[in-house]
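Rule-based calculations on the coordinates, nothing more; no lab input. In this text the structure is predicted, and so the values were computed from the model without any measurement. Reconstructed Cβ throughout: ideal geometry from the backbone, glycine too, with neighbour counts over all protein chains shown.
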Amino acid sequence: MPLKVQKQGKESSQNIVRRFTQRVRKSGILLQARKKQFKRRPKSRPLAKFSALRREAKRKEYQEMRKMAKPVIR
């Protein structure tokens, strides 16, 4: 859906540009474009599983270090 702005009477070019930018901002076109541009691809299933297992192992390691009152090094 393209946005159209037509000149009204003796309207200046600056006012036309201002109305156009307001209309673009209200339509949300730029937000949608930015979301598409910076969209992150989901991790593959094996990679997601590996990172979840690693997180769980690190969590257990930190809990053990906390029990033994040792400083946690990250």
Requested in this report: Count the net charge of all other residues whose Cβ sits under 9 Å from the Cβ of Val5, scoring Lys and Arg as +1 and Asp and Glu as -1.
Outcome: +4
Query - From the C-alpha gyration tensor of the stretch 4-61, square roots of 5λ in Å - result: 52, 11, 6
